[in-house]
Structures are given as structure tokens and as C-alpha cells.
Ligand SMILES: Nc1ncnc2c1ncn2[C@@H]1O[C@H](COP(=O)(O)OP(=O)(O)O)[C@@H](O)[C@H]1O
Ligand SMILES: [Mg+2]
């Protein structure tokens, strides 16, 4: 074995140029693939952190049909049973009861459509950090039942300030009419212009009173400890609430358009990586082909004097693996610092893609993901290609007739 | 004691419709300690014959018995092991493994045989000295001349302690001076250590060194002479 390793290692350096070219092409491919995957995963993580946490939460529970027809009649009664189911699922960090509805806001002479969110403001703070978005005034406390927080765009539109009053009118539960007058306790600013122009927050009970929907919710937004558990938790929720008339939605279903945007980027980069790997695979295969063909006589002599073919195959495999490892090791040396650098200092996006990201309310930054799994995946992919390319020398050696090899 | 026995050996190559009787019925017995030259013009069948004797090629007809083993009955890895333990090969050229030094090349077969490091070391140095290359132990083949490479090849062929050594035109690529050196070494090993050599050549100067000359033409033996040396 040691002897075989020695021979294999020396063979790698026998045609230094070719080995280096092969190793560097592997290096380049692995580095590039890691970089691209790092961008995708990092971006994905960034999106979920920003949007999901600031808005929908990872999972929401609605009354069945609510998401397609977001009216207050499609609300559900919040009961202890549901609360317990959610609370007892492992990995659930927090659930925020919300009652959301569109309404008309008006002051003396102006009217505008707004989105009213009645919510548990203490919990809201923990997930969406709404308090951090305050630019004027104060956050609501429990019992602030005739106060609201409005978004900055609304305040500007109505030219309202702290302690000014605003009137909301809308449709309540089961056809009742909803109307109420509130004073403004705080003003928050959202990066997304859409949100900034229409959001109104109030205590859950205040909203339930306004819409005549006591004890009812339109959504229970759920925050989780680890986003990798989302699908598992989703499934558990679905199982445990079967037949109870709820719809359980993960964020990617609620924000389907955003999800498509991310996924199209994702599949595009998979495409690039795939093409890249195919090119590299051909390069590696070319090298393997040459090193097999040019040593036909040498192989013939080795087997003539008593080397078993299986040992010879092992040596050639080691050579190929060595070459691959050189490339992979080089790729690690280069990519780890680069990925880490861009993890700390994210790439800033520009152009139309950046604009569409901004629509969702956060900065178009692309930090590279700093996690081991996708890096290891690239290494495994390359090793698989190397293994595939070894089929050729293995079959060549296995079927080699010594006599023909010697006559070469 | 006979170590090689060839009975009615035939090899027919089929090249499309054309059949070539490269070896066409050879009977031959070689005893321990002989120094045999197989001679004949190019294309007469020397290489084909030696390859079959060495178990590198399979006969169309006939038998080869080496030390009571019917070589043609061996297959695959058995045959490879048989060659490793019984036959030393010297080819016309490019015999050596390029990435191994002279000494490592000699040790190579002993490695395959699973000999200890101590034994390998000792025998490799002895053999290098025997072929007069004790000072080139650490040179790679590319740093050795053609004649030196062939001497290392002879040393390597001996390393496994084979029953006999087969050498197909070992001097074909050498000039007359290095040919003489190589032949002297082979002759000395034959005399001093009773090692059996079977080699082919069409070089009259090499034939002169042989103690038995088997002449082949068109795949058959036309003469088999013991040369009396004064
Ligand atoms: N693989 C082969 N296929 C067809 N004919 C062959 C093959 N090898 C050798 N021959 C033919 O067999 C004959 C003997 O060849 P060979 O044994 O190489 O002779 P020598 O070694 O005496 O020059 C020649 O006519 C040669 O052309
Ligand atoms: Mg020949």
C-alpha cells in the first residue's frame, strides 16, 4: 500500500504541467461553485431573515380559504386547543395572534385605504422588531385601547403627528359595520414603500372590538428557532390540525412571487454550476484518457513481471484522487477566506433585481453563506466526477491483454 | 533437470482471411543452468515463441510445461502470480518503471512477493553490484544509458529468484560495446550462480556467446546445436 502510494504520488508529478492544469481546473470549478452556492444560500438566508421575520413569520395558520379571500368573515376563533397544539410543537419559538383587515382611513378631508393589523404587540416586538422601526412617539402598551401606530407614509399623506386623531371605517364581522376614532401614539418607518404607505398597528383587542370580531383572528403567525425545521413543523401542524378547518402556509407559499424570484436565481446558478462541472469533467476525463493511453506499455510490463491488475488499478485510482485532492485542497485554501470575507462584507446588488428586492422592504445585500454543508457538497460532487472518470482506466486495465500492451 | 518443456507448440494469428503460422510446431526441452540463444531472421517467430514460454501469450496448440506446471492451463491472476514467482523478464527496451529508481525497480517484484524490507534491500544492492551499477542505485531510468537500463532490467528479472530468465532481443537497442558488457554479466551470472537464460537475438556477436543455439525459421526449429567452448 505504501509502495503503491509512492508510485501514484510520483506519477502525479511525472507530467507536472498536465497534473497542474487538471488540478487547477478542479480548483477553479470548486471555487466557483462554492462561491455561487454561497451567494444563493446567503441571499436566501438574508431574505428569510429580513422579510419573513419582519412580516409573515415562517408559518401562518388561517381559517381555510383566508389567503385567497382575505376578508374578516374568513377569520377563525382563537381557542386554547389551537394555542396548545402550536405551543407543544418542538422548535416553535413564538406565535403571534393577528387580526388583519383593510379599512378606509380618513381625517377631515382626506381618505385612503389602509391595512389594519391588530396584534399582540409584545410578541410582535420579539419577532418583527416593530419597536425598532419607530421614528416618532412611543410603542403601544397593553391597555392602550384607543391608540394606534401608523406608518410614516400614512402620517405624511394625512399630515398627522403624534396625538393627532384618525378615523377608520370598514366592514366588520358578519356584515356589521366597523368604525372607530383613535389617536396616534407612534409612527414607524418601513423600508418598503408599499408597507410604509398603508400600515396601521393596534392592540389585538382593539382591532377585535373595531371589527366586531371578539376572540377571532385572521392569522396566527409563527416564528421558529431554526429555519431548517420549517418543513417538519409545517407537516406537524398540518397533521395535528387535520379536519379543524385551518390552512397552514409556509412563507414561500404566502410570498410566492418572492419565492419564484429567488428560485429562478437559484436554478440559473445551478445551470451555470452544472455547465461548469461538465466542462471540468471533460478536462479531467481527457487527462485520465491520456495518462491511461500513454502508459499502455508500462502497464503491460508491470503486469508481465507479476503485478496483479487490481493493484495496478489501485495505483491509477490513487493518482486521480491525488490530482483531485490537490485541486480541492487549493479550492478550499482560496474559497474559505473569500467566502468568509463576503459573509462579513456582503455584496451590494444593483439594477432591476435590486429594485425588485427593495420592493420587499429590505436592502439588496448578498452576504455569502458561511456554513459547511454546501461547501462539502461541492467537494463530493467533484469526487463523484473523478470516480466516474476512473471507469475508463479501470475497464482498460481490466480488459488489457498483456501481449498487446507490450507490442505497443 | 529440465525446467522448460515445449511440446508441439503452435501459434496461428488470424488477420482477416489471412492466417499466419507464427509458430508452427516447436518441440524443445531446456535444462537448469543452460544459456540458450534463440536465433533467426526477423519475423521467424522468436518473439511469439518466447512470449508463449513466458505465459504472456497463449498457444493455439501444444503445451508448455515449466517445472511440472502446464503454463497454458493457468488463467488470469494465477498466471500473473506464476510469472512473478517463476520467470524473470528482460524486454527489448523501456523495461523499467520510470518513476522508480534503479534500486526501487529491482525491489518492485520483491515487494509484490511480500519480501521484508531487509531482504529487499540486501538483494537489490547485491544485484546492483552484480550488474556493476552499485553506484547508480538512486538514479531514475531516465538518468541511465540504454545499456545501464538493460543491466538494471537483468537485475530486476533476477530479484524474484525465478526458475529462468527470458530475454527477447535484450541487446537490440544497444551498441556493440554495451552489448558486450551486458552479455558478460549474463554469462557470469549463468556460470557463477547457475541461472538459466533463454534469449533471442539476430546479432551474430551475441550468438557467439551462447552455449546452445536454437535456430528458428518460419516458426519451426531448423537446427539446435550445443556449442563446445574451449
Ligand atoms: N499480433 C500479431 N498479429 C498478426 N501477426 C503477427 C502478430 N504478431 C506477430 N505476427 C506475425 O508472426 C510472425 C512472427 O513474428 P515475431 O514472433 O514477432 O517474429 P520475430 O520476433 O522473430 O521477429 C511474423 O510474420 C509477424 O508478422
Ligand atoms: Mg521479435
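Residues in the range B:18-57 that are more than 15 Å from ligand 1 (Cβ to nearest atom) and within 13 Å of residue A:403 (Cβ to Cβ): B:55 only. Scan the range A:194-203 for residues that are surrounded by fewer than 22 Cβ atoms within 10 Å (Cβ to Cβ) and within 16 Å of residue A:123 (Cβ to Cβ) and the total you get is 0. Condition (residue is closer than 30 Å to residue A:2 by Cβ, within 16 Å of ligand 2 (Cβ to nearest atom) and out of contact with any strand residue (DSSP E or B) (no Cβ under 9 Å at 6 or more places or on another chain)) applied to the range B:71-94: is it met by at least one residue? Within the range B:71-94 (the criterion being closer than 30 Å to residue A:2 by Cβ, within 16 Å of ligand 2 (Cβ to nearest atom) and out of contact with any strand residue (DSSP E or B) (no Cβ under 9 Å at 6 or more places or on another chain)), the answer is yes, since at least one residue qualifies.
In the set B:95, B:105, B:70, B:51, only one residue is within 14 Å of another protein chain (Cβ to nearest Cβ) and under 26 Å from residue B:5 (Cα atoms); that residue is B:51.
Filtering A:324, A:300 for residues that are on the phi < 0 side of the Ramachandran plot, within 14 Å of chain B (Cβ to nearest Cβ) and in contact with a helix residue (DSSP H, G or I) (Cβ under 9 Å, 6 or more places away or on another chain) leaves a single hit, A:300. Taking residue B:211, is it at pLDDT 90 or above and under 17 Å from residue B:106 (Cα atoms)? The answer is no for residue B:211. Checking A:264, A:269, A:356 one by one, the residue that is more than 14 Å from every other protein chain (Cβ to nearest Cβ) and without any contact (Cβ under 8 Å) to a residue 12 or more places away in the chain is A:264 and no other. Exactly one residue out of B:7, B:14, B:2 is more than 15 Å from ligand 1 (Cβ to nearest atom) and free of Cβ contacts under 8 Å to residues at least 40 places away in the same chain: that is B:2. Given the residues B:50, B:28, which is the only one that is under 15 Å from residue B:167 (Cα atoms) and either touching a residue at least 12 places away in the same chain (Cβ under 8 Å) or more than 14 Å from ligand 2 (Cβ to nearest atom) (or both)? The unique qualifying residue is B:50.
Within the range B:58-76, being on the phi < 0 side of the Ramachandran plot and either away from ligand 1 (no atom under 15 Å from the Cβ) or part of a strand (DSSP E or B) (or both) holds for B:61, B:63, B:64, B:65, B:66, B:69, B:70, B:71, B:72, B:73, B:74, B:75. For the range B:157-172, the condition holds for at least one residue, the condition being that it is part of a helix (DSSP H, G or I), more than 16 Å from ligand 1 (Cβ to nearest atom) and under 11 Å from the mean Cα position of the chain (by Cα).
Restricting to the range B:77-92, name every residue that is surrounded by fewer than 20 Cβ atoms within 10 Å (Cβ to Cβ), facing another protein chain (nearest Cβ under 7 Å) and within 16 Å of ligand 1 (Cβ to nearest atom). None; the set is empty.
Looking across the range B:128-151, the residues that are assigned to a helix (DSSP H, G or I), within 30 Å of residue A:15 (Cβ to Cβ) and away from chain A (no Cβ under 13 Å) come down to B:128, B:135, B:136, B:143, B:146, B:147, B:148, B:150, B:151. Within the range A:359-402, the set of residues being farther than 22 Å from residue A:227 by Cβ and free of Cβ contacts under 8 Å to residues at least 24 places away in the same chain comprises A:380, A:384, A:387, A:391, A:395, A:399, A:401.
Where helices (runs of 4 or more DSSP H) fall wholly inside the range A:60-178, the ranges with 3 or more residues that are within 20 Å of residue A:195 (Cβ to Cβ) are A:121-128, A:152-158. The number of residues in the range B:105-156 that are without any contact (Cβ under 8 Å) to a residue 12 or more places away in the chain and under 24 Å from residue B:179 (Cα atoms) comes to 5. Only one of the numbered conditions (1) within 16 Å of ligand 2 (Cβ to nearest atom); (2) over 30 Å from residue B:71 (Cα atoms) is not met by residue B:170, and that is (2).
I'd like to check something: does the range B:182-200 contain any residue that is in contact with a strand residue (DSSP E or B) (Cβ under 6 Å, 6 or more places away or on another chain), more than 16 Å from ligand 2 (Cβ to nearest atom) and within 14 Å of chain A (Cβ to nearest Cβ)? No, the range B:182-200 contains no residue that is in contact with a strand residue (DSSP E or B) (Cβ under 6 Å, 6 or more places away or on another chain), more than 16 Å from ligand 2 (Cβ to nearest atom) and within 14 Å of chain A (Cβ to nearest Cβ).
Of all the residues in the range B:32-57, those that are more than 18 Å from the chain's Cα centre (by Cα) and assigned to a strand (DSSP E or B) number 0.
Just one residue in the set A:375, A:391 is modelled with pLDDT under 90, away from ligand 2 (no atom under 16 Å from the Cβ), assigned by TED's automatic domain parsing to the domain that holds residue A:283 and more than 20 Å from residue A:7 (Cβ to Cβ); that residue is A:375.
The values are calculated or read from the model by the stated rules, or taken from the named source; none is laboratory data. Predicted model only: the values in this text are computed from it and were never measured. Glycine gets a Cβ as well: all are built from the backbone with ideal geometry, and neighbour counts include every protein chain shown.
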